[in-house]
Each structure stands twice: as C-alpha cells, then as structure tokens.
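Worksheet: one structure, shown below.
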Amino acid sequence: MQEKIVKMFDEIASSYDMVNRIVSFGSDKIWREKAIKEVLKYSKENPKVLDVACGSGDMIDIWKKYTNNIIGLDPSKGMLEVAKKRFPEINFYQGFAQDLPFENESFDCLSISFGIRNVVEIDKAIDEFYRVLKKDGILLILEFTKPEKKSTIRNCIDFYSNKILPKIGSIISGNKEAYEYLPKSIQKFYTLNELCKKLSKFEILEAKNFALSPTSMIIAKKN
Ligand SMILES: C[S@@+](CC[C@H](N)C(=O)[O-])C[C@H]1O[C@@H](n2cnc3c(N)ncnc32)[C@H](O)[C@@H]1O
C-alpha cells in the first residue's frame with residue numbers, strides 16, 4: 001500500500017505543482033505562509049527545520065524566507081528530483097516519515113503538509129516526529145481532514161474535491177487514479193479532533209480549519 005502511494009507521487013511529480021496552483025486557485029500558498037508565520041511565534045529565530053513529505057518543495061519555498069537551516073525529506077524519487085531542481089541549495093533526503101534518518105532531538109521545527117494522510121504507519125511517524133524534535137520543538141501539520149459535521153459549505157467543498165478537482169487533476173497530469181485517490185484518502189482520514197488525539201505526546205498549541213477549505217492546521221509542542 002505504502003509503495004503504491006509513493007509510486008503514484010512519482011508518476012505525477014512533473015505536473016504536481018501546476019495542478020496544485022490551479023485546483024487550489026493559488027490559496028495553498030496563503031495557507032502555507034499563514035501556518036509558517038504562526039509556527040514562528042512559538043519558535044526560536046532561524047530555526048533548524050525538517051520538512052517531511054516535502055514533495056516538490058512548496059513548504060521549503062516559504063520556510064527559506066525565514067530560516068537558512070532547512071532539510072527536506074520524501075520517499076518519492078520523482079518529487080525529490082523536482083524539489084532538487086527548484087532548490088539546489090537545500091539538502092534533501094529520500095526516506096519515510098515513519099523511519100526518519102536523523103538523530104534524536106535534531107530539529108527546532110518539523111513540518112508535514114498534505115503528507116501525513118499518505119503515511120500508512122501514522123503512529124510510528126508521530127513517534128518519529130517526537131523523537132527528532134528538540135525539547136520545546138514545534139510540529140506543524142497541514143492536512144485535508146474529514147469534517148466533524150456536515151454543513152452546506154462543507155458539502156459544496158466536498159462536491160468540488162470529490163467531483164471537480166479529480167477531473168481537473170487527471171486531465172492535467174494524465175493520471176486519473178492519482179486524483180481519484182485524493183478524495184478517497186480524505187474520506188478515510190481523520191477529523192481534526194481525531195488527528196489531535198493522535199498527538200497525545202505533544203501539547204496542542206493551535207488546531208483549526210481554514211475557512212472555505214478542507215484544510216486543517218495543527219501546531220503542537222514537544223514539552
Ligand atoms: C500531496 S504531496 C505533499 C507535498 C508537499 N508537502 C506539499 O505540501 O505540496 C504528499 C507527499 O507525501 C509523500 N509521502 C507519501 N508517503 C510518505 C511517507 N510514508 N513518508 C513521508 N512522505 C510520504 C509523497 O511522496 C508526496 O511527495
């Protein structure tokens with residue numbers, strides 16, 4: 001299962017950025033920037049950052065405005081190739097969230113955006129995030145979550161995510177399966193509250209849903 005997911009990202013790597021910008025109407029950049037600015041309220045200046053599931057580097061693109069100490073990690077060779085071309089100055093590792101190739105207490109901040117939903121062994125990954133963060137280190141999760149309860153707005157968002165987005169994504173990328181996986185994986189994933197409960201080792205500092213979007217943000221601290 002995990003191999004199949006990574007292979008899918010390998011296949012869509014070259015069109016991933018373009019699809020993202022189009023289907024989110026550019027709003028993903030706004031969420032990323034807001035989230036990182038929020039993290040910086042709790043973190044030291046120029047933090048040492050690990051971006052897990054970095055993909056083509058969209059979080060790194062924002063992190064690098066605020067720190068010169070960033071490492072990206074992703075299991076997909078295809079996504080990493082795109083990231084390395086975009087950011088030749090950044091160090092990238094090929095690896096999995098559930099088995100991080102870093103020493104204990106190595107990072108001030110760890111981010112994972114739109115990545116944790118793809119990690120099959122999620123509890124193992126959360127233990128790894130805890131292990132590699134320093135004391136007082138900050139974890140940032142951005143992710144599409146299931147709604148706590150249905151509302152008209154959420155029904156509209158789900159209609160877009162389930163019916164329209166997969167069509168646009170599959171036309172641009174030529175990969176129908178990958179973009180059908182997205183809504184299915186959101187339906188199988190947690191609500192924001194359930195995801196917070198998974199982080200029981202951490203202190204939750206902020207947990208919220210962004211308006212008019214299925215995107216949630218969690219900021220948590222290792223005490
Ligand atoms: C939707 S992309 C997100 C990429 C990037 N973080 C962003 O915000 O655009 C999901 C990424 O998760 C990676 N991924 C899948 N399984 C993973 C795992 N077990 N550990 C770490 N990353 C994983 C994929 O290779 C892919 O690059």
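Couple of notes before you dig in:
- D (Stokes-Einstein, µm²/s), Kirkwood Cα radius, segment 153-223, 1.306 mPa s at 10 °C: 115 µm²/s
- Among PHE189, PHE210, PHE202, residue whose mean-square fluctuation peaks in a GNM of the chain (springs only between Cα atoms under 10 Å): PHE210
- Within the shell defined by Cβ-Cβ distances under 14 Å, the residues around SER161 carry a net charge of +4, with Lys and Arg each +1 and Asp and Glu each -1.
- Dmax and Rg, reported as Rg then Dmax, of the chain (C-alpha, Å): 16.3, 46
- q = 0.09 Å⁻¹, segment 95-223: log10 I(q)/I(0) [Debye, one scatterer per Cα]: -0.29
- Global form of segment 23-109, assessed from the alpha-carbon gyration tensor, a/c cut-off 1.5: oblate
- Between LYS198 and MET1, the contour length at 0.36 nm per residue exceeds the Cα-Cα span by 68.8 nm.
- Spacing of the two label points (7 Å from each Cα toward its C-beta) at ARG86 and GLN187, in nm: 2.9 nm
- Potential lengthening between ARG21 and PHE210 on full extension [0.36 nm per residue; Cα-Cα distance subtracted]: 66.3 nm
- Gaussian network model of the chain, springs between alpha carbon atoms under 10 Å - residue of SER76, SER213, SER24 with greatest fluctuation: SER24
- Built amide H within the under 5 Å cut-off of SER111, gap 5+: LEU50, ASP51, VAL52, LEU140
- Spatially, segment 32-102 and segment 195-212 are offset by 20 Å when compared through their Cα centroids.
- Greater than 29 Å apart at Cα, pairs in LYS44/LYS184; LYS146/LYS201; LYS149/LYS221; LYS44/LYS201; LYS4/LYS150; LYS41/LYS201: LYS44/LYS184; LYS4/LYS150
- Projecting the Cα atoms of PHE189, ILE157, ASN104 onto the charge dipole of segment 98-223, computed from C-beta unit charges around the Cα centre, puts ILE157 farthest toward the positive end.
- Charged side chains reduced to their Cβ positions (Lys and Arg at +1, Asp and Glu at -1) give the chain a dipole of some 600 debye around its Cα centre.
- Normalised by 2.2 N^0.38 Å, where N counts its residues, the alpha-carbon radius of gyration of segment 69-159 equals 1.28.
- Ellipticity estimate at 222 nm from DSSP helix runs (n ≥ 4, -39,500 (n - 2.57)) divided over the chain, nearest 500: -14000 deg cm²/dmol
Since every read-out is calculated from the coordinates, none of them should be taken as a lab result. This is a predicted model, so every value here is computed, not measured. For neighbour counting, all protein chains shown are included, and Cβ atoms are generated from backbone atoms with ideal geometry for every residue, glycine included.
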